[in-house]
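Shown next, in structure tokens, is the structure this report addresses.
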Amino acid sequence: KELTGNADDFRGVDIAFTSAGAGTSRQYADTITAHGAIMIDNSSAFRMDSDVPLVVPEVNGDDAFNTPRRIIANPNCTTIQMVVALKPINDLSPIKKVHVATYQAASGAGAAAMDELLQQHAQLVKGEKPTVEKFAYQLAYNVIPQVDVFTENGYTKEEMKMYNETKKIMHAPNISVSATCVRVPVMRAHSEAIWLETEQPLELDTVRKALSEAEGVVLLDNPEQKQYPMPLDIADKDPVYVGRLRKDLTCECGISFWIVGDQIKKGAALNAVQIAQYMLTHGAFKK
């Protein structure tokens with residue numbers, strides 16, 4: 001259906017999933033919510049607005065019921081998969097600091113970026129100059145330590161999203177997050193290396209148990225058998241996979257681990273659907 005901007009465009013709609021970019025979301029938000037529809041928005045338009053909840057159901061699902069503007073924001077993909085893994089640890093002891101390095105797939109920049117990566121490999125095999133349009137540099141056989149544009153403090157917008165969104169989702173304004181986001185020549189699924197510090201030291205077995213029982217998490221951590229999450233295996237799967245779990249050698253209260261998640265699914269579309277499912281399961285829209 002083509003949007004007219006008329007207030008009746010979404011009459012009779014309970015939930016509207018929107019993923020057309022921040023400008024479009026802002027333009028049509030009032031139209032979408034005019035007759036009471038809940039707008040679950042996948043863009044960055046409203047994520048840091050104080051009157052719009054930023055929701056990952058496994059972490060802060062109840063925030064979805066506080067919607068003064070009838071808008072719920074879907075977080076950034078890298079933030080979503082990280083906080084799903086942080087939540088069970090934070091429940092054991094509040095997290096003070098997080099350092100994270102991301103390894104982000106081409107699919108995070110869209111289908112055209114995935115096509116360009118394939119094209120670059122084919123061109124290089126033929127000895128041709130690779131096409132470079134979607135990224136600042138050739139991605140094939142390379143890594144690019146820049147995702148999104150740089151801000152005044154030297155961090156990129158992607159890195160600052162992780163900084164700001166983690167605080168809001170986890171209701172933890174004092175948590176410190178420092179991220180380095182890197183684009184890697186992988187088709188699907190983002191990976192992250194995470195180092196965190198909790199207020200109290202935690203036994204590794206306790207952390208392992210919490211992660212193995214956590215909603216939305218699969219613990220795949222058997223280094224003796226060379227078993228750990230990899231994007232090649234995790235693409236098109238729903239959960240966030242955690243491996244390489246170990247104590248941080250630099251900090252008594254530190255834990256290190258590796259996570260992989262499909263950013264098209266849990267990092268975007270699936271999380272939006274799960275927000276709606278959470279609301280329905282917990283009594284929203286009952287007539």
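The values are calculated or read from the model by the stated rules, or taken from the named source; none is laboratory data. Here the structure is a predicted model, which means the values were calculated and not measured. For neighbour counting, all protein chains shown are included, and Cβ atoms are generated from backbone atoms with ideal geometry for every residue, glycine included. Side chains are part of the model used for accessible areas, which takes the heavy atoms of the whole protein and leaves out ligands, DNA and RNA. Shrake-Rupley method; radii C 1.70, N 1.55, O 1.52, S 1.80 Å.
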Flagged as over-length at 20 Å C-alpha distance, from Lys161/Lys266; Lys129/Lys157; Lys168/Lys247, the pairs are Lys129/Lys157; Lys168/Lys247
The FRET efficiency for Val132 and Lys97, from their Cβ-Cβ distance with R0 = 35 Å and rounded to 0.05, is 0.45
Helix-only [θ] at 222 nm, the chain, -39500 (n - 2.57) per DSSP H run of 4+, per residue, nearest 500, equals -9000 deg cm²/dmol
Can you compute the FRET efficiency between Gln225 and Ala284 using 1/(1 + (r/R0)^6), with r the Cβ-Cβ distance and R0 = 45 Å? Round to the nearest 0.05. 0.55
What does a probe at Gln277 reach in the stretch 219-246, counting residues whose amide N is under 11 Å from the point 7 Å along Cα→Cβ? 238-239
When a/c is below 1.5 the answer is rounded, else prolate if a/b is larger than b/c, else oblate, so apply that to the chain with a ≥ b ≥ c taken from the square roots of the Cα gyration tensor eigenvalues. oblate
Under-5 Å amide H pairs with Ala16, H placed in peptide plane, nonlocal only: Ile38, Met39, Ile40
Can you compute the modelled spin-label distance between Met48 and Val13, with each label point 7 Å from Cα toward Cβ, in nm? 2.8
Report the one residue of Trp195, Ala210, Leu220 whose Cα lies farthest in the direction of the positive end of the charge dipole of the chain (charges on C-beta: Lys and Arg +1, Asp and Glu -1; origin at the Cα centre). Leu220
Using modelled backbone amide H atoms (1.01 Å from N, in-plane), which distant-in-sequence or interchain residues come within less than 5 Å of Val182's amide H? Thr102, Tyr103, Gln104
Given the Cα-Cα distance of Val184 and Ser212 and 0.36 nm per residue of separation, how much length would full extension add, in nm? 7.3 nm
Give the residues of the stretch 97-127 whose amide nitrogen is closer than 16 Å to a point set 7 Å from the Cα of Cys251 in the direction of its Cβ. 97-102
DSSP-loop chymotrypsin sites (Phe, Trp or Tyr not before Pro) across the stretch 71-148, with at most 16 other Cβ within 10 angstrom: Tyr137, Tyr141
Heavy-atom accessible area per residue of the stretch 126-174, all protein chains kept, 1.4 Å probe, expressed in Å², is 65
Considering only protein heavy atoms and a probe of 1.4 Å, how much of the accessible area of the stretch 104-219 is carbon and sulfur, as a whole percent? 52
Would you please classify the overall shape of the stretch 151-228 from the alpha carbon gyration tensor, given that a ≥ b ≥ c denote the square roots of the eigenvalues, rounded means a/c under 1.5, and beyond that prolate means a/b larger than b/c while oblate covers the rest? oblate
